[in-house]
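Only one structure is covered here, and it is reproduced in the block below.
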């Protein structure tokens with residue numbers, strides 16, 4: 001096995017932008033879509049029923065972390081996004 005020097009992971013400067021700087025870059029046009037289990041979702045949303053703990057949901061959040069939509073299918077997310085004016089939609 002070859003010895004490789006450990007590479008330091010560079011800290012991305014975008015992680016340190018203020019909210020105003022982020023918005024100036026178009027941060028309000030970016031959303032992230034993530035599959036999430038009901039039990040994880042219930043940690044920050046009271047509306048999730050206990051019986052939905054094992055179900056998978058689709059969570060759409062803005063780039064600043066603000067929840068925008070919780071859906072039960074990827075198709076529902078696609079439909080919701082179809083009439084929105086987001087310049088970038090990233091799957092996360």
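Please treat every number below as a calculation from the coordinates, not as lab data. Computed from a predicted model, the values in this text were never measured in an experiment. Positions of Cβ are backbone-derived with ideal geometry, glycine not excepted, and every protein chain shown enters the neighbour counts.
Here are some notes:
- Share of pairwise Cα separations in segment 28-91, more than 14 Å, in percent: 55 percent
- Modelled label positions at residue 29 and residue 76, each set 7 Å beyond Cα in the direction of Cβ, lie 2.9 nm from each other.
- The ranking of 78, 18 by Cβ neighbour count inside 10 Å, starting from the fewest, reads 18, 78.
- Between residue 45 and residue 11, residue separation times 0.36 nm minus the direct Cα-Cα distance comes to 9.1 nm.
- Put in line by how crowded their Cβ is, counting other Cβ atoms within 10 Å and starting with the fewest, 55, 47, 79 read 47, 79, 55.
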